[in-house]
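Single-structure report; data block below.
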């Protein structure tokens, strides 16, 4: 598993290794301070030349130099050769990009790159494939397969990086037309008959899936799924990744502040959705991290409510679960507030229970528990608070099991990993103790639908969740990346009132 403390020493190794054929040293002698010096005007993604307001000199992706991606590829091969059964074989790792998909003929959906492919390449183009192959972690090559330049297609779809420019842009050994992937794999298999293939067959890239199935069928082999190896690297964020996480969380937090101030009875859930979307994009986010939940009243008791088409009524609470994506990194925040700006007595009681539960969980994070341990604590804390504050019926309270009561009113997990995907590193179990570099959410809730018979009538129809994004920093300290997003009763009511003053 990648240790953040090793980052600089690994770069030092990379920089000082004597270059040799198929060696990691080949990557380093030329890109110690690798500059993506792109005078080429038609790459398939922004460069410091084409978009100087987005990328600083030397950056491949805002906030990241090509060295970051080179290092990740080295760490992947190191993990294969030091921690798997294939350490004596010729290893071939195939990672496809996402494909462009269409909502109707010639009308594409907004493209989002396969995050594993993006993590190891920094490439934003569709219909591409990365192949890393070699005999050891110090003796491997990297080949990228991309679409060829095509003037006619580029007239409609925009520029492509092409075969000639890709090795320089992405710092790989060679680039090939994506149509040549099958022949390339066949050539490798002839040169190295005792190979081990790594491929994630859950990829939605159907063309690459077909190539791999044909390839292994010819050789009567299966493949190993590398997803957990990918996620073990992605789980612990580098310093540059942590900086990007802070920024995407800052943007989302500010978007929430403006959206709370904009809300009022009579606005629709969709208008509040649009307000948040507008605010985060105006601050630099490329897209929303996921379809947001904007749920007023009893809609908040549908945990994945995304219809967002109801009018917000006076006296209702509004639950918004939303985040943004900045340069491939996601934020994920939930706040609940009264649509008229003032918590009623019963709303305040339930809200304070959820908030107190969350604050206690954040305190527990200082001991570096696992996410599953946080979930267990949430159920117990929430259940005991609901009973002690007499929110549940006597029949429910007599169950004498706080954990079961808590789970009844909050049936989702308290936490998930966060990063390039909202539910990041899904193959990593939530039983691992938290450690430096890990980003995760803490999001207790309480959901009491209108027809709930286990709660007192005055609390029925209330749904509340409070979610923050948390980083364990390199010193082991707990950093709340969304601390600037208001969540106390007084903070929320003050932000709401301030928003009304600015509007008037």
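See the values below:
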read-out: Segment residue 475-residue 264, length gained on full extension (0.36 nm per residue, minus Cα span); value: 71.7 nm
read-out: log10 of Debye I(q)/I(0), alpha-carbon scatterers only, for the stretch 236-503 at 0.08, 0.09, 0.11, 0.15 Å⁻¹; value: -0.30, -0.38, -0.57, -1.08
read-out: Mean separation of Cα contacts under 8 Å, 6 or more apart, over the residue count of the chain: relative contact order %; value: 12
read-out: Estimated distance in nm for a label pair at residue 105 and residue 401, the labels positioned 7 Å out from Cα along Cα-to-Cβ; value: 5.9
read-out: Estimated FRET transfer efficiency when R0 is 30 angstrom, pair residue 497-residue 243 (beta carbons, to 0.05); value: 0.35
read-out: The stretch 213-285-the stretch 330-375 distance, computed between alpha-carbon centres (Å); value: 21
read-out: Percent of Cα pairs exceeding the 23 Å cut-off, where the set is the stretch 118-258; value: 48
read-out: Cβ-based exposure ranking for 111, 81, in which fewest neighbours within 10 Å come first; value: 111, 81
read-out: Gained length - residue 412 relative to residue 367, 0.36 nm times residue gap less alpha-carbon distance; value: 14.0 nm
read-out: Inter-part distance where the stretch 56-120 and the stretch 409-475 are each reduced to a Cα centre, Å; value: 28
read-out: Added length on full extension, which subtracts the Cα-Cα distance from 0.36 nm per residue, residue 207 to residue 194; value: 2.2 nm
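Coordinate-derived values only; no laboratory data. From a predicted model like this one, the values you see are computed outputs, not experimental measurements. Cβ sites come from the backbone with ideal geometry, for glycine too, and all protein chains shown count toward neighbours.
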